[in-house]
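The values are calculated or read from the model by the stated rules, or taken from the named source; none is laboratory data. A quick note: this is a predicted structure, and the numbers were derived from the prediction, not measured. So basically every Cβ, Gly included, is an ideal-geometry build from the backbone, and we count neighbours across all protein chains shown. These area figures cover heavy atoms from the full protein model, side chains too; ligands, DNA and RNA do not enter into them. Shrake-Rupley method; radii C 1.70, N 1.55, O 1.52, S 1.80 Å.
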Amino acid sequence: MHADAASSATHCPVCDSELDHPDATPRELAQSLETLRRQLDGLESTRPSRRSALSKLDERAASLRTELRAADAAARAVIDGDDSNEAGTADERREFTRGRISAMLDLVRRVDEAELTGLARAADSAERRAEALARELDDDEAQMQVDSRLLEISREMTTQGQRISLEHPGEMRLDLGKLTVITETDQGPAPLWRVGSAENWIGAHLVTHLALQKFFVTRSLPVPRFLMLDQPTQAWYPSEVEQQDGVPVADADREAVRSIFRLMLDVVTELSPELQIIVCDHANLPESWFQDSVVHNWRGGEKLIPAGWLTDR
C-alpha cells in the first residue's frame with residue numbers, strides 16, 4: 001500500500017511512465033498551505049503600521065504644501081514691496097533694505113567653502129604661472145639669466161686657465177655673440193685669434209670645454225657626460241722622436257703637457273662618476289697617476305687596428 005502511494009507520486013496514472021517532475025505529496029501540499037497561511041497572517045498584521053506610515057506621509061505633504069504657499073506669498077510680497085517701497089517712511093525703507101541684504105548674505109554663506117578654497121588656489125597658481133611666462137618673454141630678464149650663467153662659466157675658465165701654461169693668464173670668458181674665447185690682457189680684451197700661439201689656442205679650447213662640462217654636470221642638465229679629445233698636446237711634440245717617446249724634451253713643454261693632463265684628471269675626479277674624458281694622444285708621461293689612467297698604449301707595433309686584420313683573409 002505504501003509502495004503504491006510512492007509509485008503513484010512518481011508515475012503517470014494513465015500511462016504509468018516515470019514523471020520528470022513528480023507530483024507533490026499531500027504532506028508537501030499541506031506544508032506549502034501552512035507557509036502561505038503564515039505569510040497572509042503577517043501581511044494582515046502589518047496593515048496598521050502601513051496605514052500609520054501613509055498617514056504621516058500625508059501630514060508631511062500637507063505641511064510642505066502649506067510652506068510652499070507661504071514662500072510663494074512671501075515672494076509675491078517682496079515683488080509687490082519693490083513698487084510700494086518708495087511710499088514708505090525712511091525707517092521702513094531702511095529696514096526693508098537691511099532685510100534684503102541679510103537675505104542675500106544668508107544665500108552667499110551657503111556656497112561651498114571647499115569650492116571657494118579650490119578656486120582661490122587655482123587663481124594663485126595661474127597668477128604665478130603668468131608671472132613666470134612674463135619673465136621668460138622679457139628680453140631683459142632672459143639676457144640677465146644668460147649673463148649670470150656665462151659669468152659662472154667664465155670664473156671656472158679663468159681658474160683652470162691659471163693652472164696651465166698660457167701666455168696671458170688673465171681673466172677669460174666665453175663670448176656667445178662671436179662664439180669665441182676672450183682673454184683680458186694688459187692691452188685690453190683679446191679674442192682667441194689674437195692671443196698668439198697654438199699652445200694658447202689649445203689651452204683656451206680645453207678650459208672652455210672643461211668649464212662647460214662642469215656647469216652641465218653640476219646643474220644636472222641633459223647633455224652627454226663625456227668629452228673626446230684628439231691630440232690636445234700636439235703643439236708640444238714638434239719632433240717625430242718626441243712623438244714616439246711620448247715625453248717632450250724641453251722642460252717647459254714637459255711641464256705644460258703634465259699640467260694639461262693633471263687638470264683633466266682633477267676635473268674628472270671632482271665630477272666622478274658623472275663625467276668621462278677620452279684622450280687619444282702621443283703623451284706617455286712616467287707619473288703613476290698618468291699611467292694608471294692609460295687604457296691602451298699603442299706603441300712598439302701595437303696599433304688601434306691590429307696589423308693581422310689587414311693581412312688575414
When residues of segment 183-197 are filtered for being within 21 Å of LEU151 (Cα to Cα) and open to solvent by 50 Å² or more (accessible area, probe 1.4 Å), how many remain?
3
Just need a number here: residues in segment 44-58 that are at pLDDT below 75, among the aliphatic types (A, V, I, L, M) and open to solvent by 100 Å² or more (accessible area, probe 1.4 Å).
1
Checklist (1) in contact with a helix residue (DSSP H, G or I) (Cβ under 6 Å, 6 or more places away or on another chain); (2) open to solvent by 40 Å² or more (accessible area, probe 1.4 Å) applied to THR180, failing item:
(2)
What are the residues in segment 124-160 that are open to solvent by 80 Å² or more (accessible area, probe 1.4 Å), in contact with a helix residue (DSSP H, G or I) (Cβ under 8 Å, 6 or more places away or on another chain) and either aromatic (Phe, Trp, Tyr) or farther than 13 Å from ASP175 by Cα (or both), if any?
ARG135, GLU136
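So in segment 276-299, with the set limited to residues that are in a strand (DSSP E or B) and aliphatic (A, V, I, L, M), which one is farthest from the chain's Cα centre (by Cα)?
Residues of segment 276-299 that are in a strand (DSSP E or B), as a first pass: 276-280.
Retained after the next criterion (residues that are aliphatic (A, V, I, L, M)): 277-279.
Numbers: ILE277: 31, ILE278: 33, VAL279: 37 Å.
Result: VAL279.
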Tell me which of these LEU227 doesn't satisfy, since it passes every other one: (1) surrounded by fewer than 17 Cβ atoms within 10 Å (Cβ to Cβ); (2) modelled with pLDDT of 90 or more; (3) touching a His at 6+ places or on another chain (Cβ under 8 Å).
(1)
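If you go through segment 249-270, how many residues are hydroxyl-bearing (Ser, Thr, Tyr) and closer than 17 Å to LYS214 by Cβ? Reasoning before the result, please.
Of segment 249-270, the ones hydroxyl-bearing (Ser, Thr, Tyr) are 259, 269.
Filter again for closer than 17 Å to LYS214 by Cβ, leaving 269.
Of the residues in that region, 1 qualify.
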